[in-house]
Each structure stands twice: as structure tokens, then as C-alpha cells.
1. For chain A, take the longest principal axis of its alpha carbons; what is the angle in degrees between that and the long axis of helix A:255-264, to the nearest 10 within 0 to 90?
2. Running a GNM on chain A with Cα contacts under 10 Å, which residue among A:S257, A:S55, A:S134 ends up with the highest mean-square fluctuation?
3. Please report, ordered by residue number, every helix of chain B (full DSSP H runs) that is 24 Å or longer along its axis going by C-alpha atoms and whose mean Kyte-Doolittle hydropathy reaches -1.0.
4. Just checking the output field for B:80-93: average partner chain Cβ neighbours within 10 Å of each residue's Cβ?
5. Given a 1.4 Å probe and no ligands, DNA or RNA in the count, how much accessible surface is buried by A and B, both sides, to the nearest 100 Å²?
6. What is the distance, in nm, between label points placed 7 Å from the Cα along the Cα-to-Cβ direction at B:Y482 and at B:R29?
7. With angles folded into 0 to 90 degrees, how steeply does helix A:6-16 sit against the dominant principal axis of chain A? Use alpha carbons for both and round to 10.
8. Quick check on segment B:2-177: take the gyration tensor over C-alpha atoms, sort the square-rooted eigenvalues as a ≥ b ≥ c, and tell me if it's rounded (a/c under 1.5), prolate or oblate.
Amino acid sequence: MNSIDLQFAGEIREIRNRIGRSERKDYVTTYNEKEFLNGRTRDERVLILRTRGCSWSYHSGCSMCGFWEDTNPEINANDIMKQVEDFLKDHNKGDVLKVFTSGSFFDPLEVSEEIQVPIIEKLLNHYNFLIVESRPEYIINKAERLKQFAGKLQVAMGMESTDPDVLKYLINKNYNFEDFKRASETLHRNGISVRAYLLMKPPFMKEQEAIDDTIKSARDISSFADFISINPMNIQKGTLVESLYKEGNYRPPWLWSVVEVLLSLRDIHIPVVSLITGSGKSRGPHNGHSCDRIFSESIRKYSETGDFAYLENLSCECREKWESFKTEENSLPIQINEAVYNDF
Amino acid sequence: MKRNLLTRLGEIDNIEIPSVVKAGSIPIRESYSERNKFINISGKILTVNRINRFNTKEFVRTIIQLRKNYFDKLIYLPNAGLIYDYPILFYLGIDVLDDLPIRILGNDKCITEFGILEGENCLEKNMKEKERMVERIKLSLENSKFRELVEGYSMTSFGVEALRITDMLFYGDIEPFLDFRERDVRANNIESIYRPEIEYFRRRVKNLRQTSQNLLLIPCSAIKPYSQSKTHKILHSRIYPFLSGIQEVIVTSPLGLVPRELENFFPVKNYDIPVTGYWFKDEKEMLRNLAIEFFQNKKYDNVFFILSKEESEFLDIFPNAEGIIGNLNFENSEKIQKIISSRDIKKDRNQKRKIEFSNILRYLYDIDIEPSDLKIEDEGNRSFVKTGKEILLKKTVAGVSMEKGLGELLYRSGKRFIEVSGKFQGDSVYIPGIVSISSDVRPGNEIVLVYNGEIIGKGISQLSILDLQIQKKGLGISKISYFPKEK
């Protein structure tokens with residue numbers, strides 16, 4: 001199956017090419033978060049390394065990914081090693097460390113082959129558990145070498161959805177569920193656990209479709225992953241999604257929808273969390289009501305503890321609005337953005 | 001199918017246009033592979049998937065381009081606009097909207113002319129108001145009053161912005177959709193200044209020739225044509241002896257400047273304005289800009305005027321103009337007569353008439369003939385305008401009309417012709433009898449009728465080449481008369 005819609009990919013590339021790249025060589029940022037991982041609430045440190053950026057983005061990239069802005073095409077292996085060393089100077093101890101690269105840690109063009117394992121080794125000297133991100137195509141030939149880190153390393157892959165049409169026409173992911181499964185099997189064979197990211201509500205998707213797609217994708221993927229993290233859309237700069245949003249053609253998902261997805265997946269045998277960026281803001285998932293804060297807080301607490309009680313007790317008068325939004329939207333051929341009604 | 005600029009009234013694929021349908025009743029379901037495209041075409045229905053809803057200029061540009069490029073399709077814009085946006089949305093060329101925005105608005109927000117107000121049972125009230133508005137829109141389209149309705153009901157910021165942007169920036173795109181069939185034009189609004197028919201007039205007038213060595217600027221009259229009004233008759237009774245040496249130009253809003261020879265034609269004969277004596281800044285600016293262009297290559301021995309203070313503000317472009325600030329009445333007509341008679345007025349009736357006919361040929365038929373190539377022959381109350389032996393125009397009390405010579409000239413230039421599939425009885429040809437139509441023809445234009453490569457007659461077109469794309473039946477040409485066969 002051809003997994004690229006050339007016209008769609010071209011539009012994403014055009015928007016991406018308008019974005020300025022960074023000239024900095026230091027790591028992008030670091031911050032703390034909590035997550036319910038391996039049966040308990042864990043303190044996690046996140047480190048975002050600055051790299052040359054995702055190789056797929058040099059072609060076109062994904063419709064929602066705005067990490068391009070943080071990348072610097074001039075960065076080399078030495079710069080990345082220095083970033084790691086600088087980071088460890090300030091944060092030299094912790095439980096869980098997540099290392100993101102605005103792309104794929106195992107992409108040799110992004111993080112050269114010879115420094116990948118040394119970086120993992122170095123970081124695992126200071127942290128108990130390490131999570132790195134990568135597209136699946138870079139994993140197949142690498143998993144053998146990761147065997148030594150069994151039980152201490154998790155590889156996260158952004159599957160987003162298991163529906164091939166969603167991946168091709170709404171995200172421009174350029175890989176599919178089969179690629180994920182292959183990478184996942186290889187990693188599992190070598191004792192490395194797998195985390196799957198699912199994107200909730202890509203562009204051009206209706207609210208109810210977003211709920212259904214995320215639930216279905218989570219169920220599909222649960223046999224091939226050890227952990228599912230649901231990312232409801234937040235609108236990042238320089239993306240196709242941002243263009244749609246600015247035109248009044250995209251609305252991030254309702255927090256009600258996120259809650260519905262999480263509650264629907266409570267019977268899944270692996271943890272499902274959702275650490276939301278921009279929760280309650282217009283560029284992030286929101287109900288557009290004063291309940292946004294309590295919803296955001298509750299979803300975060302649930303993701304930190306795995307306790308469904310935080311979600312079960314949520315209520316708000318805006319539920320009716322959400323129900324009506326879903327129903328009315330379903331009657332149309334396209335997705336809608338309710339902000340238009342007030343501003344038009 | 002009836003058309004009013006970009007807006008159509010009728011039915012496509014059993015769907016009434018224009019209409020605001022119940023959300024979901026347009027049977028389009030799009031797969032993900034279709035949704036990421038800007039438009040989706042399914043049979044006759046074009047669904048606008050993506051449009052910049054927050055940038056009015058982009059919005060207008062997109063819809064007008066779609067209307068131009070897909071004239072034979074029904075344009076459906078899902079989820080757009082509340083009740084008072086409907087007029088402008090349909091004006092831009094959208095055929096079908098849906099009621100989703102009203103439904104989503106819910107029961108406690110009532111839509112009014114002055115905004116959305118908190119209220120009770122609003123859904124029902126809004127739906128009724130929606131019905132009323134759609135009926136009004138249809139009625140105005142039926143009666144060729146849609147532009148008047150759009151100007152009157154453009155009450156939201158979006159509506160006003162979109163109308164102004166359309167007029168100011170997209171005239172060129174609207175021009176192929178113009179319609180010159182005679183009808184009343186009510187220029188009641190500041191927005192009327194740039195309505196396309198008016199803008200068309202100004203653009204055509206700019207290039208017309210100077211008809212005399214002297215100029216007289218006078219105000220318009222409520223009665224049309226102006227020369228039938230009491231005030232203009234009084235003026236003529238005083239200055240009649242000099243008229244063959246004076247070009248009369250009427251100063252009026254929103255048309256700007258009307259050379260006397262155009263007073264019998266659309267839209268000059270058909271417009272009406274509220275008379276306050278006060279001119280808005282926009283009107284004055286329009287008048288000044290037009291005057292600068294109209295008079296830039298014209299040189300007069302004398303410039304006379306009777307104009308109100310507001311109308312006369314552009315007169316600084318004529319440093320030696322002399323006349324009266326005031327109304328056109330008996331007293332001022334006498335005064336201007338005195339001024340004019342004190343000057344040496346070079347008269348040349350024949351030359352003035354030739355230039356006037358040359359201007360008429362340019363204005364009505366877009367054909368440029370040197371006045372010196374024209375000859376005028378009067379027969380009783382009829383006049384014939386000729387080049388060589390060929391008769392171009394006939395002027396009677398009923399007006400000006402094409403003769404065979406002009407028909408030949410137009411057909412040879414590829415202009416204003418409609419090819420028909422036979423010579424039909426009666427004075428009409430219906431659309432199935434039309435073979436082709438030149439691209440410059442607009443409804444209301446007098447056209448030459450062509451059959452088998454020969455010109456056979458003339459008539460008034462009821463359509464343009466765009467209309468022919470979508471209309472398969474109905475009246476095509478009216479008021480046909482066949483040219484007599486050559487002996």
C-alpha cells in the first residue's frame with residue numbers, strides 16, 4: 001500500500017518550510033512529571049535533546065508535529081554528547097528518565113550510531129529506568145544491541161492510530177501498524193519494553209470518530225505494547241493542524257472525550273495514561289467551560305495513579321453541549337469548530 | 001434557473017438553491033482520503049471542506065474562485081454562517097448552507113439583526129427567522145432586488161467586510177457575471193457606490209470622447225431620463241441655442257459622471273438614490289477620482305457649472321471653471337445662460353452628434369469607430385448612423401438599436417454574437433436553439449444573430465456563456481428581429 005498522499009505531504013512540507021530552525025546547540029529543555037508506570041507512581045524527568053531533527057520531517061513530516069522549530073541542522077555527535085553531559089551536571093540522579101529528540105533516538109542521521117549505546121549506558125548510570133523514542137524503521141537492526149539494557153529500557157513509538165487511512169490521509173506518518181508490530185516483536189524478543197503513543201483527534205477527524213479511533217487503536221495495539229500513552233491533540237507551531245485551527249477548521253478534542261476514552265479502556269491489561277499538553281487551553285483539549293481546570297487536573301491525577309475514581313466522578317453541565325456537538329457534527333461531511341459560530 | 005450576479009435561484013439535482021438545509025440532508029459522506037482535500041466533488045455537488053473562516057478576504061477569494069471555476073456545480077459550504085450572514089454568503093456564490101450553526105447555538109441564544117442575545121426558546125425562534133430570511137432572499141432574487149437586500153442585511157462585521165472586499169477587490173471576477181437587463185437599481189446605501197453595475201458604468205465612461213469644445217456640469221434629477229425632468233427642461237429652454245457647442249455632463253452619485261448621450265441606457269435610466277443634498281466622503285472621493293480620469297485628456301475652451309456646494313468640490317481640477325453654486329432651477333438656469341452667452345461658443349452640431357454616437361457605440365457595443373468615419377442621416381424623427389454605405393445604428397423615439405452593418409462589424413470582430421441552429425418563428429429563441437455565444441455577451445446586451453455563418457438578425461440576449469453551461473432550457477434571446485434579405 002502506498003502510505004503517502006503526495007498532495008497532503010506536499011502541503012505539510014510547505015507549511016513546515018516556513019518555520020525557522022534553531023541555531024542553538026544546547027539541549028532544548030528538561031522538566032519533571034509523574035506517571036503511573038510499572039504499578040506505581042513514578043517521578044520522571046524529561047530531557048529533550050536538540051538534534052538535526054526527524055529525517056521524515058526533511059521530506060514532509062507529520063501533520064501535527066511542531067518539533068522542527070527546536071532542531072538545528074548543524075548539530076553533530078559531539079554536540080549531543082555535550083548536551084547529555086551538561087544535563088547530567090545539573091540532574092545527575094533520578095528514577096525514570098525520558099529522553100526525547102524531536103525525532104528518533106535510533107535514527108543514525110539524527111543521533112549517530114556510535115553514540116547511541118554509550119548515551120544509554122551513561123544515562124542508566126544515573127537513572128533506574130530510561131525511555132527513548134523512535135520511529136519503528138530504525139529499531140529492527142538495533143534491538144540485539146539493546147539486549148544488555150533489558151528491564152531498564154523502554155522504547156516509545158508514536159503509532160498514533162492503527163487505521164491505515166488515518167495514518168496516510170490525516171497524519172502523513174509514513175509507517176503503519178505492521179511496521180510497529182515488527183519493531184515491537186523485535187524489542188520484546190530482546191527484553192525491551194514497548195510504549196505506544198496514540199494521537200487523539202488528528203486533523204479532519206470528527207469528535208466521535210476520534211473517540212472511536214483511539215479506543216480501537218488502543219485495543220489493537222495492547223497486544224504489542226506494554227504501556228499506552230494517549231496524546232490528545234495540542235496545536236503546535238508551524239504545523240498543518242495549526243493552519244487548520246487558525247482558519248477555523250479544527251477543534252482539539254473535548255476533555256469529555258479524553259475521559260470517555262480512558263474509561264472505555266479500563267479493561268485493558270496494560271496501563272493507559274494521558275499526560276496532556278495544553279489541557280484546558282483553546283490550542284489544547286478543552287471543554288470550553290469553567291470545568292476545564294478540574295477535568296485537566298483529574299486526568300493528570302488519574303495518569304499519575306491509575307485510579308479511575310478521578311475520572312468516574314467528573315460531571316459538568318457542559319456534557320449536554322458535548323453530546324450535542326458530537327451528534328450534530330456527525331450529520332455533516334466534515335469536522336467542525338464551534339468557535340466559528342460566535343466569531344463569524 | 002434565474003441568476004443575479006453570482007447567485008442562482010432554481011434547482012440542481014433536486015436541491016433548491018439557494019437554501020439553508022437541515023444539517024445532514026445533503027447526502028455526502030466523505031472518507032478520510034477526501035476530507036484532507038480543499039473541496040470534494042460528488043456528482044453535481046461541490047462540498048467546500050476547507051476555507052479560511054477567520055480571514056474574510058481569503059474567504060471571499062476562495063468562494064468567488066470556486067464559483068467561477070465550477071459554475072455548473074452546486075456549491076455547499078457546511079457549517080457556515082448565522083441568519084444575517086446568509087445574504088452575503090449566497091451573494092458570493094454559495095448555493096447551499098446548512099442549519100448546523102443555529103443548532104449548535106442552542107436554545108438560549110437568539111439571533112437578531114443587532115447580534116446574538118440571551119433568550120428563551122431561541123432554537124425555534126431562530127429556525128423561524130431562518131425561514132423568513134431564506135424566503136426574503138428568494139423573493140429578492142425573483143425580483144432582481146438581491147443586491148439591495150444584501151446591502152440592507154449585511155449587519156454582521158463579516159457581512160459588511162465581505163461585501164466591501166468583494167466590491168473593492170474582486171470586481172474583475174464579478175464582471176463576467178454582470179447583467180444589463182433593465183431593472184430598477186436602488187442605490188440607497190453607502191455600499192451602493194461600488195456595486196458592480198455601477199462600477200462597470202464608471203469604467204466604461206472613463207474612456208469616452210469629448211463631444212464639444214465647452215463643458216457644462218449639472219446635477220442629476222429624480223426623473224429619468226434626466227432630460228425629461230422639469231429642471232433639465234428649464235435649463236434646456238434657456239441654453240438651447242448653445243447646446244450644439246456644449247458637452248453636458250451630469251454629476252451624480254453613485255454613478256459619478258454621466259455624459260448626456262448615455263442618459264437613456266442602463267443603469268443611468270434605472271437608478272434611484274435617496275436625495276439629501278449631502279455627499280459622503282466616499283462619494284466625493286469616488287467623484288474626484290473619476291473626474292480626474294474622465295477629464296484628463298479632454299480640453300475645453302470653457303467649463304460651466306451649476307452644482308451644489310457638495311457636488312462642486314472636485315471643480316478645483318478646472319481652474320477657470322465658472323458658474324453657480326446652487327440648485328438647478330429657473331433662476332440659476334438664467335444665470336448660466338448669461339454666463340454662456342457672454343463667451344464665444346463654437347458650435348458644431350453634426351460633429352457633436354457623431355462623437356456622441358461614437359461614444360454610444362463604445363458604451364453599448366464595445367466597438368470603437370472614429371467619429372469622422374460616421375455619417376448621420378435624418379429621416380423625419382429617425383436617424384441612421386452609417387459608415388460608408390453600411391447602416392450601424394438606428395435612433396428613434398424608442399431608442400438606439402443595431403442595424404445590419406453593425407451586426408457585420410461585431411460578428412467580424414468576434415463580439416456580441418449568438419449562433420443559432422435555425423431561423424425561428426416569433427421574436428424569441430429558446431436555449432436549445434442556441435449553438436454558441438461569444439464570451440463577451442451578458443444578459444441584456446443587444447446581440448447579432450448568426451446562422452450558418454451569416455448574420456440574420458438581432459435580439460436581446462437573456463444569458464451569458466456561463467449561463468449556457470448550466471441552463472438547458474428557457475428563454476435564450478428575446479425581441480428578435482430579422483434583417484431583411486439583400487436584394
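The values are calculated or read from the model by the stated rules, or taken from the named source; none is laboratory data. These figures come from a predicted structure and were not determined experimentally. Cβ atoms come from the backbone with ideal geometry, glycine included; neighbour counts cover every protein chain shown. Calculation scope for accessible area: heavy atoms of the full protein, side chains included, ligands and nucleic acids excluded. Shrake-Rupley method; radii C 1.70, N 1.55, O 1.52, S 1.80 Å.
1. That helix lies at roughly 70 degrees to the long axis.
2. Looking only at A:S257, A:S55, A:S134, the biggest GNM fluctuation is shown by A:S55.
3. Helix filter hits for chain B: B:122-142.
4. 1
5. For chain A against chain B, roughly 3100 Å² becomes buried.
6. Distance between the two pseudo-spin positions: 5.8 nm.
7. Computed tilt is about 80 degrees.
8. Taking the square roots of the gyration eigenvalues as a ≥ b ≥ c, segment B:2-177 is rounded.
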